[in-house]
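The values are calculated or read from the model by the stated rules, or taken from the named source; none is laboratory data. Predicted, not measured: the structure shown is a model, and the values here were computed from it. Because the Cβ atoms are built from the backbone with ideal geometry, glycine has one as well, and the counts that use them run over all protein chains shown. Side chains included, ligands, DNA and RNA excluded: accessible areas come from the protein's heavy atoms. Shrake-Rupley method; radii C 1.70, N 1.55, O 1.52, S 1.80 Å.
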Amino acid sequence: MKRLPPLPALHTFLVTAQHCNFTRAGQQLHITQGAVSRQIAALEEHLGYALFKREARGLSLTREGLDWLPRVQQVFALIEQGVREVGEHSTTLQLKAPTCVMRWLLPRLMEWQALRPDVPVELTTTVQHGVDLRREGFDAAVVYGDAPNHGLQVRKLFDEQLTPVCAPSLREGPVPLQQVEDLARHMLLHPSRDEHDWRLWLQAAGMTLATHGPKQHFETLDMAMAMASQGTGVAIGDWSLIGDDLRGGRLCMPFALKVLTGKGYYLVSQARSLPPGLLELLDWLEGQASL
């Protein structure tokens, strides 16, 4: 079987055929006129026939050259399409999110990967609530706090709504948990050292934190939720994030009161045209937040 012609020579042929001029082809390829002429001559020698007629007024394609041109155009069109499509499908999207949103986000990313294995996502978790997409190199991020306004595309996922949560076994156990006053007989699990969340909810419920006894502090909301689900005590959680735990019976709400804090969770990305895979992921997560 005859050896295939080298791809660079075929590319030189394609460009030369478009111009029918060695000089202009060389300018486009950033090589000399002589280099173009030598590459075409070597290709013709390899094939065993001429591709161009050298005439006083320039070049013209031979019959063989005319036959070759659409085939070479098709080859390079397929290569270009492959580079575009394979690159798009194999690129892993980089997503950053604070640990406090993991109970909501992680199951949905697992579901996304089952639905769209061709659009993989790599998740980076952090205790920080913000992101600098240009400096940190992420494609998108979930942020917590006030609505971002730094030239980003912003999608609101949900508002923060604080409410006490505990294991069903604790609420239904020997120590009743029916009135807000009953919290004084249970350990309060704090997701932060400043106790701000519990203080805010109790204030809305007409009580003060000083009236309560045992307590335990954690570094993250997720750790406090995990301990609450084991019946250790009563945690203060974000109702928007724990729907899966409530539906699964791992946690329950002993009281109906939910307190809006004025903060929320937002999905942010660069304020420019987004790759289709990233756009689909962001649309899908936004849709999941509205369920």
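Could you give the size of the charge dipole of the chain about its Cα centre, using +1 on the Cβ of each K and R and -1 on the Cβ of each D and E, expressed in debye and rounded to the nearest 20? It would help to have the intermediate numbers written out before the result.
Numbers: 28 positive and 31 negative charges, 211 e Å.
Result for the chain is approximately 1020 debye, rounded to the nearest 20.
Counting helices only, and only those DSSP H runs with n ≥ 4, report the 222 nm mean residue ellipticity of the chain as the sum of -39,500 (n - 2.57) divided by its residues, in deg cm²/dmol to the nearest 500.
Numbers: 11 runs with 123 residues, N = 291.
Using -39500 (n - 2.57) per qualifying helix, the result is -13000 deg cm²/dmol.
Not counting ligands, DNA or RNA, and with a 1.4 Å probe, what is K263's accessible surface area in Å² rounded to the nearest 10?
80
Inverting the mean 1/r over all pairs of different Cα atoms, compute the Kirkwood radius of the range 160-260 and quote it in Å. Each step should come with its number before you reach the end.
Values: mean 1/r = 0.0761 Å⁻¹.
13.1 Å is the Kirkwood radius here.
Under a 1.4 Å probe, what is the accessible area of the chain per residue, stated in Å²?
Details: 15760 Å² over 291 residues.
Value for the chain: 54 Å² per residue.
Between beta-carbons, use under 11 Å as the cut-off and find the net charge around Y49, counting Lys and Arg +1, Asp and Glu -1.
Numbers: positive: R63; negative: E44, E45, E64, D67.
Overall, the nearby charge balance is -3.
Take each uninterrupted DSSP H stretch in the chain, measure its Cα extent along the helix axis, and return the ones at 30 Å or beyond whose mean Kyte-Doolittle hydropathy is at least -0.5. Before the final figure, lay out each step's value.
Working: long enough: 63-90 (41 Å, -0.43).
Passing helices, by number: 63-90.
Over the Cα atoms of the chain, Rg to Rh with Kirkwood Rh, two decimal places? Working shown, then result.
Numbers: Rg = 32.0 Å, Rh = 24.1 Å.
When Rh is taken as the Kirkwood radius, the ratio is 1.33.
Ignoring ligands, DNA and RNA, how do M102, M223 rank by accessible area with a 1.4 Å probe, largest first?
Working: M102 25, M223 90 Å².
Final ranking, largest accessible area leading: M223, M102.
Report V127's accessible area, 1.4 Å probe, all protein chains in place, as a number in Å² to the nearest 10.
Spelled out: V127, probe radius 1.4 Å, area about 110 Å².
Could you work out the per residue convex hull volume over the alpha carbons of the range 7-87, in cubic angstrom? Let's see the in-between values first.
Values: hull volume 7.4 nm³, N = 81.
In the range 7-87, the Cα convex hull volume per residue is 91 Å³.
What's the magnitude of the charge dipole for the range 7-87 around its Cα centre, counting Lys and Arg as +1 and Asp and Glu as -1 at the beta-carbon? Answer in Debye, nearest 20.
Details: 8 positive and 7 negative charges, 52 e Å.
So the dipole magnitude of the range 7-87 works out to roughly 260 debye.
With every protein chain present, what accessible area does S169 have (1.4 Å probe, heavy atoms only), rounded to the nearest 10 Å²?
The accessible area of S169 comes to roughly 80 Å².
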